[in-house]
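Presented below is the structure to which this report refers.
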């Protein structure tokens with residue numbers, strides 16, 4: 001994960017610490033500023049972006065307590081699950097997943113995360 005996280009594509013903060021929690025705004029799976037093209041690549045890149053954001057706040061993927069997955073097509077649910085398991089490994093945060101009418105930039109998936117990380121840096 002050597003790439004920098006993608007800049008926000010709207011008027012929001014990509015991640016914010018709130019006490020013991022780090023809240024990551026929804027992350028798209030972007031490559032060179034555009035959706036990566038397949039659900040598995042987009043899930044992997046979105047989770048990598050979340051990991052980079054968490055690291056900036058003294059947290060990691062193992063601290064994620066809850067994710068919300070937004071899908072442009074509910075037909076991608078099974079493929080998303082496979083990519084999600086590969087990205088998170090043995091860690092299984094609580095999760096909601098549902099289809100939406102559309103996602104920014106024509107993406108297939110967007111993932112937001114809440115991590116519980118007491119004692120991390122503020123900011």
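Tabulated data
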{"read-out": "Computed P(r) (all Cα pairs; the stretch 15-116; 5 Å bins; percent)", "value": "2, 15, 26, 26, 18, 10, 3, 0"}
{"read-out": "Taking the chain and dividing mean pair separation by its residue count, relative contact order in percent (alpha carbons under 8 Å, at least six apart)", "value": "37 percent"}
{"read-out": "Spin-label model distance (nm) - residue 99 vs residue 74, 7 Å beyond Cα toward Cβ", "value": "0.6 nm"}
{"read-out": "DSSP-defined beta bridges in the chain - what % are antiparallel, rounded to 5", "value": "75 percent"}
{"read-out": "Taking 49, 25, 96 and counting other C-beta atoms within 10 Å, the order from fewest to most", "value": "96, 25, 49"}
{"read-out": "Ascending count of other beta-carbon atoms within 10 Å, so fewest first, for 30, 45", "value": "30, 45"}
{"read-out": "MRE, 222 nm, helices only [DSSP H, n ≥ 4, -39500 (n - 2.57), over the chain, to nearest 500]", "value": "-7500 deg cm²/dmol"}
{"read-out": "Residue exposure sequence - 40, 73 - by fewest surrounding Cβ within 10 Å", "value": "73, 40"}
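Every read-out reported here was derived from the displayed coordinates using simple, explicitly stated rules and does not represent laboratory data. All values derive from a computational prediction rather than experimental measurement. Positions of Cβ are backbone-derived with ideal geometry, glycine not excepted, and every protein chain shown enters the neighbour counts.
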